[in-house]
Amino acid sequence: STVGKAARRIRREGNSGLLAEASPLGILTERDLRNRVLAACRPPTTPVAEVMTAPLFTPPVETPIYEALAAMVERGIHHLPLTEGEKLVGVVTHTHILLNLAQSPLLLLRRMERLELDRYSPQVASLVETLFQQGQRGVKNVHV
């Protein structure tokens, strides 16, 4: 497909990227469109395969959330395609992960630093339980 068609599909679906069924599997993101197409003055007829990011880093869906975020930061990527066995099962973005973490115990810890600890004892117990549960679940439980 062409980058023009891919860009229209990304806009229509309200996504920030699109998986490209090529060999190897790739992804075309808004950043790719900006940096590799628009800034490079390439036409909308440019094949996606010429500007997509490939090959992809595709960890298993069971990857813990914090490991997934660390991998994204280390690689400078904002989209993380997840696999189950050999099958691609979805894509998590840095926004999905950060929204999940914003509802996590980290936010409560920041609040506790500024306020009286004894007022938050029920939430502290919940914090410990949530940290344990998040350590037990993988990225597949991040709501996308």
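No lab work stands behind these numbers, since they all come straight from the coordinates. Predicted, not measured: the structure shown is a model, and the values here were computed from it. Note that each Cβ is placed from the backbone with ideal geometry, even for glycine, and that neighbours are counted across all protein chains shown.
Each listed q (0.22 Å⁻¹) maps to a log10 I(q)/I(0) for the range 1-55, found by the Debye formula over equal Cα scatterers with no solvent: -0.73. With r defined as the distance between the Cβ atoms of ARG9 and VAL73 and R0 fixed at 35 Å, what FRET efficiency is calculated, to the nearest 0.05? With a Förster radius of 35 Å, E is 0.80. Net length available on complete extension from LEU88 to GLN133 is 13.7 nm, with 0.36 nm assigned per residue and the Cα-Cα distance removed. Among VAL61, VAL48, the order by Cβ neighbours within 10 angstrom, fewest to most, reads VAL61, VAL48. Distance from a point 7 Å along Cα→Cβ of GLU21 to each backbone N in the range 32-65: keep the residues under 17 Å and list them by number. Residues passing the 17 Å test: 48-49.
Any idea how far apart SER126 and THR45 come out in nm if each label point goes 7 Å out from Cα toward Cβ? Going by the 7 Å Cα→Cβ label model, 5.9 nm.
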